[in-house]
Amino acid sequence: MSLHQREADRLTFAERLVGKLYPRFGVNKRREAVRLLFEISRRESIPPESVLPSPPPSSFPALKDFLLRRRFPLGSARGVPLRPYLPRLELPEDDVRSLPPFEFSPKKILVEAAAASSSLAAACRERFPRADREEIASLKQYLAGRPPAGAAGYNRRGETLFIIAEQWDFFKPCPCTPGAVRCGYRVCNLGFGCLYECEYCFLPGYVNTPGIILPANIDRFLDRFSAARSRPGRRPLRLGTGEFTDSLHLDGLTGYSLPLVEFFREREDVTFEFKTKSDRIENLLRIEPRGKVVAAWSINPGRVADSVEHYAAPASRRLAAAARAAAAGYRIAFHLDPVIFYPGWEKEYGETVEQIFSAVAPERIAWISLGTLRCPPALKKVIERRFPGNSILDGELAVGFDGKLRYPEFIRLQIYRFLIDRILARRRDLPLYLCMESRAIWDELRLPFPF
Ligand code: SF4
């Protein structure tokens, strides 16, 4: 039986049970009861009918109280006020992301007229000779009037490649999250859309373009960047790619890393970072970074990476790539983000920290960031529809300080304390920061701001 069928059956059983035991519930009470029964049943690997005691709670408040305690056992035991997010549960089969062996082979390449003679367009023509090619006036015009891609369209994004002449969206402050301590990061967008399939990724809830977008005019980005930074006395900044796409996954095709390293290794006012889950560092190794540029890996324990970060390089290969980049003169950073809380997390994350320091000497590490699993509420439905049977949503995620679903503060603190202790034991002054975290958590940890 497919995972989708198993979860769809679970939902049907939960709906039938609520209908039979509580026939007078209105739409909202039914929705909450069904969802909680479903989530508990999945989390505990038991059928929905085994969740309720005998006799079952007789009123909605008693039922909801019972179900919330069972669904959020750690938070309930601590008396943590809960703001669960319990939207209607739907599991359409069309939205399921199947995971065939990875191959990026677009069937269609749409090239903006202004990018038609670019070297990227030529490289794509050579790499994908069988793809249909079409010249378009502009991406904006092409998309006007078309329906948003939706989940099923997002699942097929690897079939279409847009090559564009980007005009505006190169360089901006990291949007971070409301109410968080910002680290001052700037992001530059060298593409939009990622071919990896991390189950927690926000892009499926965000992207409306039915394909992968690559700008052909990186030289324009470098010119604009120089112009924007031309006034003397500008404060130093940290700048990186990797917000809307992996920094290096397609570097063999785009070759972006070569001009970027060449440009940023000369600048005293900028620390430039590539952020990746790949091991595609061939281009990085062809150019001397002069100790300036940072190559960073997002890292999770091997088992988490294998089961949640589909198509990305296994954790061991990411670490091996980090070791090679360090040997080639790059400063290295790691992002332990998103940390996922599950039985046995301490052992596996502890091992991951050890593996980081076995791969890269502590003094070669520019910084490590930490962040726990979080997502906009709407993404919860996207994840469960795309990855039925996923386990990342089994955690005690509820609406947090910024309106996103997060673990409660006491779990986040437990995770951060553990990791910070392990990391600082290896190098006391290693720059550490929390990504998208509240002032309250920073203060509680007494973590000095490193930048
Ligand atoms: S903390 Fe994270 S999300 Fe916030 S500004 Fe820094 S990098 Fe961006």
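Accessible surface of PHE357, taken over heavy atoms with a 1.4 Å probe and every protein chain present, rounds to 10 Å². Shape descriptor for the chain: Rg over Rh equals 0.99 (Cα atoms; Rh from the Kirkwood inverse mean 1/r). Once all protein chains are placed together, LYS347 keeps about 140 Å² accessible to a 1.4 angstrom probe.
Computed over the chain, the per-residue total of -39500 (n - 2.57) for DSSP H runs of n ≥ 4 gives a 222 nm mean residue ellipticity of -11000 deg cm²/dmol, rounded to 500. Straight-line cross-link reach from LYS29 at under 17 Å between alpha-carbon atoms covers these aspartates and glutamates, not counting any fewer than eight positions away in the same chain: GLU15, GLU39, ASP65, GLU90. Rounded to the nearest 20 debye, the dipole size of the chain about its Cα centre is 940 debye, using +1 on the Cβ of Lys and Arg and -1 on the Cβ of Asp and Glu. Taking a ≥ b ≥ c as the square roots of the Cα gyration tensor eigenvalues, with a/c under 1.5 meaning rounded and otherwise prolate when a/b beats b/c, else oblate, which class fits segment 135-238? Because a/c hits 1.5 or more and a/b fails to exceed b/c, segment 135-238 counts as oblate. The coefficient of translational diffusion for segment 371-451, derived via Stokes-Einstein from the alpha carbon Kirkwood radius under 4 °C and 1.567 mPa s, stands at 92 µm²/s. To the nearest 10, the accessible area of VAL270 is 0 Å² with a 1.4 Å probe. Considering only alpha-carbon pairs that sit under 8 angstrom and 6 or more positions apart, the relative contact order computed for the chain is 15 percent.
Since only PRO106, GLY191, LEU17 are under comparison, the one whose Cα sits farthest along the positive direction of the charge dipole of the chain, derived from C-beta charges on Lys, Arg, Asp and Glu, is LEU17. Selection among PRO47, GLY26, SER58 by position relative to the dipole of segment 3-71 gives GLY26 as farthest towards the positive end (Cβ unit charges, Cα centre). Against the longest alpha carbon principal axis of the chain, how many degrees, from 0 to 90 and to the nearest 10, is the axis of helix 315-327 turned? In the chain, helix 315-327 runs at an angle near 30 degrees to the longest axis.
Computed from the Cβ-Cβ distance with R0 of 41 Å, the FRET efficiency linking ARG290 to ARG78 stands at 0.20. Compared with the dominant Cα axis of the chain, that is its longest principal axis, helix 60-71 is turned about 50°. What the Cβ-Cβ distance of ARG224 and GLU103 gives, at R0 = 30 Å and to the nearest 0.05, is a FRET efficiency of 0.30. Taken as Cα centroids, segment 374-404 and segment 277-315 sit 25 Å apart, rounded to the nearest whole angstrom. Computed over protein heavy atoms with a 1.4 Å probe, the accessible surface of the chain works out to 45 Å² per residue.
So which of LYS172/LYS275; LYS107/LYS277; LYS140/LYS380; LYS380/LYS404; LYS140/LYS275 end up more than 21 Å apart by C-alpha? Pairs exceeding the cut-off: LYS107/LYS277; LYS140/LYS380; LYS140/LYS275.
Accessible area ranking (1.4 Å probe, heavy atoms, ligands and nucleic acids excluded), largest first, for TYR85, TYR206, TYR142: TYR206, TYR85, TYR142. Applying a 4.7 Å Cβ-Cβ cutoff to the chain leaves CYS124, CYS174, CYS176, CYS183, CYS188, CYS194, CYS375, CYS435 as cysteine residues with no disulfide-compatible partner. Segment 43-110 and segment 139-155 have their alpha-carbon centroids 29 Å apart.
The length gained on full extension between ALA116 and GLN141, counted as 0.36 nm times the residue separation minus their Cα-Cα distance, comes to 7.4 nm.
Solvent-accessible area of the chain (1.4 angstrom probe, protein heavy atoms only): carbon and sulfur portion equals 51 percent.
Rounded to the nearest 20 debye, the dipole size of segment 3-71 about its Cα centre is 160 debye, using +1 on the Cβ of Lys and Arg and -1 on the Cβ of Asp and Glu. Among SER117, SER98, SER41, the sequence by solvent-accessible area, most first, with a 1.4 Å probe is SER117, SER98, SER41.
The values are calculated or read from the model by the stated rules, or taken from the named source; none is laboratory data. Owing to the predicted nature of the structure, the values given are computational and were not obtained by experimental measurement. Glycine also receives a Cβ, built like all others from the backbone with ideal geometry; neighbour counts cover every protein chain displayed. SASA here: full protein model, heavy atoms, side chains in, ligands and nucleic acids out. Shrake-Rupley method; radii C 1.70, N 1.55, O 1.52, S 1.80 Å.
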